[in-house]
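This report refers to the structure that appears directly beneath it.
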Amino acid sequence: MEQPTYLAKVSRTTKILWWCAGADAYFLSKAPMQDRVKYAGIGGIVLCTGLLAAFSGGFAFYTIFGPKNNAINDVTSIGTIFGSAIFGIVWGLIILNLDRFIVSSTGKGDGTDKVTLKEFGQALPRIIIALILGFAISAPLEIKILESEIDSELSAYQKEYAEKLNGQTDILFKQKVAKLEKDKAEYEKKLKGYEAELKTYDDEIDGLVAVQQAEMQDKRAYGFGPVARKMQADIDTKRLEKDKFIKLKAAEVGAWRKQLDFADNQINQNSDDLRQAYKDNETRSHGYDGLLKRIQISHEIGGWIPWIILGVFLCIEMGPIFFKMMLNKGPYDYMVENYNKMRQVEAGVISESLLYESVNGIMHMEKYTYLDYETAKAEREDKMVKQKELNKQIIEEWNKTTSKDIKENPTKYFQNDQEA
């Protein structure tokens, strides 16, 4: 079929809109302006739905996989932006193709501007698909429209969550520090007891030395006599006892000092760990920035606005389906129908509209006649009839020949008992 010259007058944009509506540009170019505008309008809605789906998918992808930070201090990631753009384009093309299929496969029903219950029932599967797509498209765009309000509320949620995590962290670190302080106090007590025992030895030695010196001061004229030597022996003995005690306790005291140093280091390290834990809690709170939470916040603070936005997108998504059912049949539809009938005839298929009267009233039915099938069927039936006639003639001739042979040679057909 050659392209008419007046098809060139149609702009490329209009052809794209017709394609989005699933319409035939050849027949629309021959149709009146009214039909052209109708399908261009439907195609425009389908195209806008695809574009909105692309933005929605890209924003949803970025929200899910983008960098997490404070809600009011977002960090931009070039890699995530590029990936979101690719995903958004692919998602938009998927929705555009689905909407194009839904619209193109939706008929005009009875060809009037009334949407009957029967038409609605036939279009119900497509309407359900459109509803699901409408929800999927509207949710990310809804939170993008309310982004400023959501970010402000989300920042408060993040701070509250961070404080909650910090409170839990404080409890854990206080328990840990309390145990370390208890261990430290225990080792300090043991070391103080050890120091007290050493001081006892030192006090005893000092007391003996003082007595010796007093004794020698009073009797210095006599020199270092037996009494002084006895006192010196006591001093030496006490010093030996001290040295023996120090050696005996050396390993144990060394272990106590190591444990005390370890406890001090752990207590100091806990301060650094606590600061790091606060930073980790802040990072975790920034991760409290998912798509689901944003949708939840939008419904909490948005009132009727999110539902209005959802209703608008549902109207955009389902509008073409209802528009198709409300369209009256025009020249374009009759041309397409005529072309389809011609192609059916060329393919050997003839359809007839028949009316039947039933208990439910007059029923309209389409009867299809398949010419190639009917021809092959008739040929086969003729062949079977002729074959049956030939078989009948063969049996009759065989019967005549056999009867004549029996009369002329009956002994050929006798059989005695011995042979049997």
> Given a 1.4 Å probe and every protein chain left where it sits, what share in percent of the accessible area of the chain is carbon and sulfur?
Replying inline: 60
> Asp243: net charge of surrounding residues, Cβ under 14 Å, Lys/Arg +1, Asp/Glu -1, itself excluded?
Replying inline: +1
> Sorted by average packing, counted as other Cβ atoms within 10 angstrom per residue and highest first, what order do 378-385, 236-243 take?
Replying inline: 236-243, 378-385
>> Restricting to DSSP H runs of at least four residues, report the calculated mean residue ellipticity at 222 nm for the chain, -39500 (n - 2.57) per run over all residues, nearest 500 deg cm²/dmol.
In response: -28000 deg cm²/dmol
> Around Ile301, with a cut-off of 13 angstrom between Cβ atoms, what is the net charge of the other residues, counting Lys and Arg +1 and Asp and Glu -1?
Replying inline: -4
> In Å², what does the accessible area per residue of the chain work out to with a 1.4 Å probe?
Replying inline: 67
> How large is the convex hull of the Cα atoms of segment 7-50 per residue, expressed in Å³ as a whole number?
Replying inline: 53
> Taking Cα atoms, how many degrees apart are the long axis of helix 331-346 and the longest axis of the chain, rounded to 10 and kept between 0 and 90?
Replying inline: 70
> Sorted by average packing, counted as other Cβ atoms within 10 angstrom per residue and highest first, what order do 275-283, 244-252 take?
Replying inline: 275-283, 244-252
> Based on Cβ point charges of +1 for Lys and Arg and -1 for Asp and Glu, what charge dipole magnitude is obtained for the chain about its Cα centre, in debye rounded to the nearest 20?
Replying inline: 460
> Can you give the net charge of the other residues whose Cβ lies under 14 Å from the Cβ of Lys388, counting K and R as +1 and D and E as -1?
Replying inline: 0
> Helix 117-145: angle to the longest alpha-carbon principal axis of the chain, degrees 0 to 90, nearest 10?
Replying inline: 30
> Counting alpha carbon pairs within less than 8 Å and at least 6 residues apart, what relative contact order, in whole percent, applies to the chain?
Replying inline: 23
>> Taking the full set of protein chains and a 1.4 angstrom probe, give the accessible area of Cys315 in square angstrom, rounded to the nearest 10.
In response: 90
> If you average 1/r over all unlike Cα pairs in the chain and invert the result, what Kirkwood radius do you get in angstrom?
Replying inline: 33.7
>> What lysines does Lys242 reach when the alpha-carbon gap must be under 18 Å and sequence neighbours fewer than 8 apart in one chain are set aside?
In response: Lys190, Lys192, Lys199
> Separation between the Ala255 and Ala156 pseudo-spin-labels, each 7 Å from Cα along Cα→Cβ, expressed in nm?
Replying inline: 5.8
> Which is farthest toward the positive dipole end of the chain among Pro410, Pro125, Gln168, measuring Cα position about the Cα centre, with Cβ charges +1 (Lys, Arg) and -1 (Asp, Glu)?
Replying inline: Gln168
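The values are calculated or read from the model by the stated rules, or taken from the named source; none is laboratory data. None of these values were measured; they are calculated from a predicted model. Neighbour counts run over all protein chains shown; Cβ positions are idealised from the backbone, glycine included. Remember, those area values only see protein heavy atoms, side chains included, never the ligands or the DNA or RNA. Shrake-Rupley method; radii C 1.70, N 1.55, O 1.52, S 1.80 Å.
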